[in-house]
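Here is the structure we will look at.
Computed from the coordinates by the stated procedures, all read-outs in this text should not be read as laboratory data. Everything numeric in this text was worked out from a predicted model, so none of it was measured. Heads up, the Cβs are rebuilt from the backbone with ideal geometry, glycines too, and the neighbour counts pull from every protein chain shown.
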Amino acid sequence: MAAIGSDLQKAKQLLEQNKLVAIPTETVYGLAANALNAEAITKIFVAKERPFFDPLIIHIADLATAYNYVEHVPAAAKKLADIFWPGPLTLLLKKKDSIPHLTTSGLDTVGIRCPNHPLTLQLLRLLDFPLAAPSANPFGYISPTKAAHVDQQLGNKIEYILDGGEARVGIESTIVGFENTRPTIYRMGGLSIEQIESAIGTVNIEINNSSNPIAPGQLKSHYAPLKKLSVGNIQTIRESEVGILAFKEPSKFIPLQNQRVLSPTGNLEEAAQNLFSFLRELDQLDVSSIVAELVPNTGIGRAINDRLTRAAAE
Ligand code: TXA
Ligand code: MG
């Protein structure tokens with residue numbers, strides 16, 4: 001078990017000693033370390049059992065700070081940052097040499113974002129380095145949206161968990177790159193395509209489904225519970241020992257204690273907020289497997305469906 005609390009000075013001191021601290025963000029909890037220090041970053045990969053070829057994103061307090069770490073901010077990227085930072089948006093930008101190759105797994109771009117959480121923003125302002133922070137879960141498993149989730153799985157590997165309550169968005173940031181003529185979305189996330197296009201016009205969408213993508217968060221199988229999960233029509237299930245993840249309405253044929261309903265009012269934001277938490281709960285229930293239904297494929301619903309589909313992939 002790790003120590004859990006809201007002591008910013010303690011978090012700062014540990015991070016300055018190149019130790020790991022879990023931090024709250026509006027999307028999911030991150031496993032943070034000094035992004036400029038190879039020893040600190042190595043600890044992240046080891047604790048998560050994450051392959052070194054999977055690059056980390058870095059967190060900063062504001063756009064002005066980004067210029068210390070990237071060569072250039074294209075106009076569309078600046079516009080998005082002006083509108084949506086702090087928020088669930090990661091920009092892929094050409095990195096400066098100050099960012100170690102280990103952080104970016106040898107890529108010449110770095111993923112950078114300004115998270116929208118008051119505690120973490122305060123912490124970033126106290127530090128004179130950015131924080132590398134992947135989601136604070138073992139590689140491939142469901143991302144954490146509460147301090148207790150982090151503690152359950154990584155508590156024995158980290159020094160401190162900064163507790164900022166439940167993540168408000170509940171799904172990781174949207175990743176946008178600028179290497180093509182049009183900005184490209186590489187990961188669906190908390191900021192919807194609609195919101196992005198309303199700011200900068202039509203974007204490319206290159207969501208990877210292969211088993212060898214440039215961004216392994218786009219691995220075909222990811223975000224998965226330990227139990228077998230499939231995506232389908234929950235109303236056809238008759239086996240009472242199956243766990244159900246419903247969007248609006250539970251199934252009439254399965255005991256209610258084996259079901260979780262993402263949003264009884266059909267609100268996609270609420271569904272996103274509950275998604276990972278409910279998947280964890282189902283994973284811990286005495287059920288044989290889990291069946292989830294997809295949600296309407298619009299707004300943040302696309303990111304929910306992306307996660308469910310990957311969680312179901314073998
Ligand atoms: O919301 C989030 O983004 C959370 C919170 C903690 O900020 N972080 C997060 O990090 O989801 P992680 O490591 O779990 O997912 C980041 C994804 C990975 O799939 C990684 O491969 C991709 O971003 N990525 C990072 N840097 C990249 C780069 N330079 N080019 C392409 N993909 C990159
Ligand atoms: Mg992750």
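Values computed for the structure shown
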item: In sequence order, calculated HN-Hα J values of the stretch 274-281 (Karplus, 6.51, -1.76, 1.60; Hz; x Gly/Pro); result: 8, 3, 5, 5, 5, 4, 4, 4
item: Longest site-free stretch - the chain; sites: chymotrypsin sites (Phe, Trp or Tyr not before Pro), DSSP loop, at most 14 other Cβ within 10 Å; result: 68-252
item: Cα gyration tensor, the stretch 9-123 - rounded (a/c under 1.5), prolate or oblate; result: oblate
item: Theoretical gain in end-to-end length, ASP62 to GLU39 [0.36 nm per residue, Cα-Cα removed]; result: 5.8 nm
item: Using θ = phi - 60° and Karplus 6.51 cos²θ - 1.76 cosθ + 1.60, couplings along the stretch 11-23 (whole Hz; Gly, Pro as x); result: 4, 4, 4, 4, 5, 5, 8, 6, 9, 8, 9, 7, 10
item: Rounded to 10°, Cα long-axis angle of helix 75-84 versus longest principal axis of the chain; result: 60 degrees
item: Linear extension gain, GLU194 paired with ARG238, 0.36 nm per residue minus alpha-carbon span; result: 12.1 nm
item: Gained length - SER98 relative to ALA313, 0.36 nm times residue gap less alpha-carbon distance; result: 73.7 nm
item: Per-residue ³J(HN,Hα) for the stretch 39-52, Karplus 6.51 cos²θ - 1.76 cosθ + 1.60, θ = phi - 60°, Hz, x for Gly and Pro; result: 5, 5, 5, 4, 4, 5, 4, 5, 4, 7, 6, 9, x, 5
item: Proximal charge balance of ALA81 [Cβ under 14 Å; K/R count +1, D/E count -1]; result: +1
item: Longest exposed-site-free window of the chain, the sites being trypsin sites (Lys or Arg not before Pro) in a DSSP loop that have at most 10 other C-beta atoms within 10 Å; result: 1-237
item: For the stretch 149-186 versus the stretch 69-113, the gap between their alpha-carbon centres in whole angstrom; result: 15 Å
item: Estimated [θ] at 222 nm from DSSP helical runs (n ≥ 4, -39500 (n - 2.57)) normalised by residues in the chain, nearest 500; result: -8500 deg cm²/dmol
item: Around GLY170: net Lys/Arg minus Asp/Glu count, Cβ-Cβ under 11 Å; result: -2
item: Sites matching GluC sites (Glu not before Pro) across the stretch 1-99 that sit in DSSP coil, with at most 14 neighbouring C-beta atoms within 10 Å; result: GLU49, GLU71
item: Proximal lysines relative to LYS248, as straight alpha-carbon distance under 29 Å, when same-chain residues fewer than 8 apart are discounted; result: LYS146, LYS220, LYS227, LYS228
item: Local electrostatic count at GLN13 - Lys and Arg +1, Asp and Glu -1, tallied over other residues with Cβ under 14 Å; result: -1
